[in-house]
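J.: Dropping the structure in here first, questions after.
Where a number appears in this text, it was derived from the coordinates with a stated rule and is not lab data. All of these numbers come straight from a predicted model, not from anything done at the bench. Cβ sites come from the backbone with ideal geometry, for glycine too, and all protein chains shown count toward neighbours.
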Amino acid sequence: MSPNTRTLLLQLSLFVLTLITTTLAGAEWMFGNSFVLVEKALGWDEFWQGLHFSIPFLFILTVHEFGHYFTAKAHQVEVTLPYYIPLWFGISQSIGTMGAFIRIKSLVRSRLKFFDIGIAGPLAGFVAALGVLWYGFTHLPPPEYIFSIHPEYQQYGLNYPEFVYQNQEGALILGDSLLFYWFKMYVADPALLPHANEIIHYPYILAGYIALFFTSLNLIPIGQLDGGHILYGLIGKKKFDIAAPALFILFAFYSGLGLFRAEEFAIPDESEFYSLLGYLAFYIYFLYVCLRKISDNPRNAWIIALSIVVLQFGVSYIYPTWEGYPGFLPFIFLLGRFLGVYHPETIENEPLSKGRILLGWLAVLVFILCFSPKPFIIIV
């Protein structure tokens, strides 16, 4: 068997596994249950229903990856077919995958090629996500559909939200982006639109929402994310090396805003005070690790980390209701520690055409429309 055949079989196997794991995950979201470790585990009937999530979600993901693939081929850049990454926890809910990627096997020397390859994926995936969301919001089932998922609600009739949400802790709500809000307000039939606590059980809407979420993360103009390729193409390396770390620092500042507040340290319990102080020290070190590669001098990373924390304390004191989204912190760690904040320099730095510049700013608009400041909200 040739190496190319083995690679193709691996890619195909990963796709099939990812189809299975996303179907499992989709069924778990739809029915609010699990296939394992519960008294009434989901079965084959529910598994097949999970295809209503996995097929549209993998469709969007595949369109995104092949947007990169075909553009790279058009530029005669050697790339692989997509590698899908299956991931299913079984004991807790997931989306069944960590995404997919293509490997660029040849050196990209051109700023223009980086731009084209970078922008093709998210724009193609965005169009596919729009189609899935449009279908999901225009084909909502009757309100009674929720009783097939929560039969215990049926005793209250369609007025169930007045009774079941009073003490419902742990419920997951999808935070609005501008585009998702527009779909809910102007596309969906208000009589059929599910309650915010239940929208996760609607597979096409969930698939489209998660696609928008990952599109927005991908379009953050930092490092070698697609957004980084786009911004690098638009403004060049000199300006990018100023903008990218500034945006990364701002992202880190927002994510941890409100995580610690000055009044929390005004507690009489000495052990609790030192425990909180330990958490704060760990948070500062975490920021240092994330920021370490911004500068060759480690001292600068410490200064920036401490400055972020001081500013977060100050803003939280003046505006106590302002809060960031700590859920972004793992992504900040991934960016700062592994993916990198800066973009590799290109040898060929030809200017972009007016059409490409327009597409670049269109991608910025797509990022603004897709980005949710608090994408996943857990009721506590």
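J.: Taking +1 at the Cβ of each Lys and Arg and -1 at the Cβ of each Asp and Glu, which of Tyr145, Pro122, Gly96 sits farthest along the dipole of segment 67-216 towards its positive end, judged by Cα position relative to the Cα centre?
T.: Farthest towards the positive end: Pro122.
J.: In nm, give the distance between the simple-model label positions of Phe338 and Tyr156, each being 7 Å from the Cα along the Cα-to-Cβ direction.
T.: 4.1 nm
J.: When the chain is fully extended, how far beyond the present Cα-Cα distance does Val315 get from Arg6, taking 0.36 nm per residue of separation?
T.: 105.7 nm
J.: Turning to a different aspect of this structure: Determine one quarter of the surface area of the Cα convex hull of segment 246-379, which equals its mean projected area, and express it in nm² to one decimal.
T.: 11.3 nm²
J.: Okay, moving on. Which FRET efficiency value, to the nearest 0.05, do you get for Lys105 and Trp361 by plugging their Cβ-Cβ distance into 1/(1 + (r/R0)^6) with R0 = 35 Å?
T.: Computed FRET efficiency for Lys105 and Trp361: 0.70.
J.: Here's another thing I want to ask about it. Counting only pairs 8 or more places apart or on different chains, how many lysine pairs in the chain have C-alpha atoms closer than 20 Å?
T.: Final tally of qualifying lysine pairs is 13.
J.: For segment 15-127, compute Rh as the Kirkwood radius over C-alpha pairs and then the Stokes-Einstein diffusion coefficient at 4 °C and 1.567 mPa s; write the answer in µm²/s, rounded to an integer.
T.: It diffuses with D of about 85 µm²/s by this estimate.
J.: I need the peptides 119-130, 202-213, 270-281 ranked by packing, meaning the mean over residues of other C-beta atoms within 10 angstrom, with the highest value on top.
T.: 202-213, 119-130, 270-281
J.: In segment 255-380, with Lys and Arg counted as +1 and Asp and Glu as -1 at Cβ, which of these residues, Ile284, Ile379, Leu359, has the Cα nearest the positive end of the dipole, that is, farthest along it?
T.: Of the listed residues, the answer is Leu359.
J.: Excluding Arg337 itself, calculate the net charge of residues whose Cβ lies under 15 Å from the Cβ of Arg337, where each Lys or Arg counts +1 and each Asp or Glu counts -1.
T.: Here the count lands on +2.
J.: Would you mind pulling out the separation of the Cα centroids of segment 288-314 and segment 364-380, in Å?
T.: That distance is 25 Å.
J.: A further question follows. What is the ratio of the Cα radius of gyration of segment 182-326 to 2.2 N^0.38 Å, where N is its residue count, to two decimals?
T.: Dividing the Cα Rg of segment 182-326 by 2.2 N^0.38 Å gives 1.37.
J.: Same structure, new question: What is the distance in Å between the Cα centres of segment 187-229 and segment 119-166?
T.: 13 Å
J.: Using a Förster radius of 35 Å, what is the FRET efficiency between Glu350 and Ile284 based on their Cβ-Cβ separation? Nearest 0.05, please.
T.: E between Glu350 and Ile284, to the nearest 0.05, is 0.20.
J.: Could you please state, rounded to a whole Å, how far the C-alpha centre of segment 1-80 is from the C-alpha centre of segment 91-117?
T.: A separation of 16 Å, based on Cα centres.
J.: Might you report the magnitude of the Cβ-based charge dipole of the chain about its Cα centre, with Lys and Arg at +1 and Asp and Glu at -1, to the nearest 20 debye?
T.: For this selection, approximately 1900 debye.
J.: Computed FRET efficiency, Cβ-Cβ of Phe265 and Ile303, R0 22 Å: what is it to the nearest 0.05?
T.: So, using R0 = 22 Å, E works out to roughly 0.50.
J.: Ordered by packing density, taken as the mean number of other Cβ atoms within 10 Å over each peptide's residues, highest first, how do 214-225, 310-321 rank?
T.: Highest to lowest by the protection proxy: 214-225, 310-321.
J.: Any idea what the dipole of segment 250-380 comes to, in debye rounded to 20, about its Cα centre with Lys/Arg Cβ at +1 and Asp/Glu Cβ at -1?
T.: My answer is approximately 440 debye.
J.: Here's another thing I want to ask about it. Return an integer: the convex hull volume of the alpha-carbon atoms of segment 69-196, in Å³ per residue.
T.: 167 Å³
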